[in-house]
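Okay, handing you the structure first.
The values are calculated or read from the model by the stated rules, or taken from the named source; none is laboratory data. What you see is a predicted model; the values in this text were computed from it and never measured. Cβ atoms come from the backbone with ideal geometry, glycine included; neighbour counts cover every protein chain shown.
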């Protein structure tokens, strides 16, 4: 009898951990499109979210969010007390994102149509500004990255996931060399806190505006 009770207790503890998300990852409510699944295998959202330090209740700006591949994962992580600002210059893509939000009753994502050199995010609102598969597409990356600064809280960070030509073998019009990223972030006025290299084809650059709180 004691052994059975012990088994039941251990089972209850395991179930509790599973339900609280400690043993299994929490996926977003919105089903992944086929192309999203392919990219998510290359760039696992939960690993990226853990690496950038996104937590419940935070506010994140997803710059170049498109139709919401990562925005919905961010939405799940920050929860009802957090907020995701999904930014893009492509209004049609954001309309698709809004339709997905409406369909699945996602209420903590706000879309913002930005400009080529300015994402137009709310001032001093973000714990994290984030870009993925965006940087090498920018015509003027340094001005845009500079114009992210006013949207960051005093201790806010910028996190950029960018494909590296050496790691990936992709041409430089589809990637940015690591040394170029470091130089350009420096020119834009950022100090790099660290560079995560666990992704197969990408680096994650995590940085703060120079002179901000640490």
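How about segment 68-83: which of its residues are out of contact with any strand residue (DSSP E or B) (no Cβ under 9 Å at 6 or more places or on another chain) and closer than 16 Å to residue 31 by Cα? Lay out the reasoning, then the answer.
First, pick out the residues of segment 68-83 that are out of contact with any strand residue (DSSP E or B) (no Cβ under 9 Å at 6 or more places or on another chain): 73, 76, 79-81.
Answer for segment 68-83, where residues must be out of contact with any strand residue (DSSP E or B) (no Cβ under 9 Å at 6 or more places or on another chain) and closer than 16 Å to residue 31 by Cα: 73, 76.
Let me ask something else. Take the conditions surrounded by 13 or more Cβ atoms within 10 Å (Cβ to Cβ) and either closer than 29 Å to residue 28 by Cα or at pLDDT below 95 (or both) and apply them to residue 112. Does it pass? Reasoning before the result, please.
Values: surrounded by 13 or more Cβ atoms within 10 Å (Cβ to Cβ): yes; either closer than 29 Å to residue 28 by Cα or at pLDDT below 95 (or both): yes.
So residue 112 passes the test.
While we're looking at this one, here's another question. Tell me which of these residue 179 doesn't satisfy, since it passes every other one: (1) in contact with a strand residue (DSSP E or B) (Cβ under 7 Å, 6 or more places away or on another chain); (2) more than 18 Å from residue 43 (Cα to Cα); (3) not in a strand (DSSP E or B).
(1)
Residue by residue, here is whether (1) modelled with pLDDT of 50 or more; (2) in a strand (DSSP E or B); (3) surrounded by 19 or more Cβ atoms within 10 Å (Cβ to Cβ); (4) in contact with a strand residue (DSSP E or B) (Cβ under 8 Å, 6 or more places away or on another chain) holds:
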{"site": "3", "(1), (2), (3), (4)": "yes, no, no, no"}
{"site": "6", "(1), (2), (3), (4)": "no, no, no, no"}
{"site": "15", "(1), (2), (3), (4)": "no, no, no, no"}
{"site": "18", "(1), (2), (3), (4)": "no, no, no, no"}
{"site": "51", "(1), (2), (3), (4)": "yes, no, no, yes"}
{"site": "55", "(1), (2), (3), (4)": "yes, no, no, no"}
{"site": "61", "(1), (2), (3), (4)": "yes, yes, yes, yes"}
{"site": "65", "(1), (2), (3), (4)": "yes, no, yes, yes"}
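Here's a check for you: in segment 134-174, which residue that is in a loop (DSSP other than H, G, I, E, B) and modelled with pLDDT of 95 or more is farthest from residue 119 (Cα to Cα)? Give the steps one after another, and end with the answer.
Initial filter on segment 134-174 (in a loop (DSSP other than H, G, I, E, B)): 134, 138-140, 147-148, 164, 169-171.
From the residues that got through so far, the ones that are modelled with pLDDT of 95 or more too are 134, 147-148, 164.
Details: 134: 13, 147: 7, 148: 7, 164: 24 Å.
In this case the residue turns out to be 164.
Of the numbered conditions (1) in a helix (DSSP H, G or I); (2) surrounded by fewer than 20 Cβ atoms within 10 Å (Cβ to Cβ); (3) modelled with pLDDT of 95 or more, residue 73 fails exactly one; give the number of that condition.
Status for residue 73: all satisfied but (2).
Keeping to segment 187-206, report how many residues are in a strand (DSSP E or B) and crowded, with 16+ Cβ neighbours inside 10 Å. First the steps, then the outcome.
First, pick out the residues of segment 187-206 that are in a strand (DSSP E or B): 190-196, 202-206.
Filter once more, so that each one left must be crowded, with 16+ Cβ neighbours inside 10 Å: 190, 196, 202-206.
Of the residues in segment 187-206, 7 are in a strand (DSSP E or B) and crowded, with 16+ Cβ neighbours inside 10 Å.
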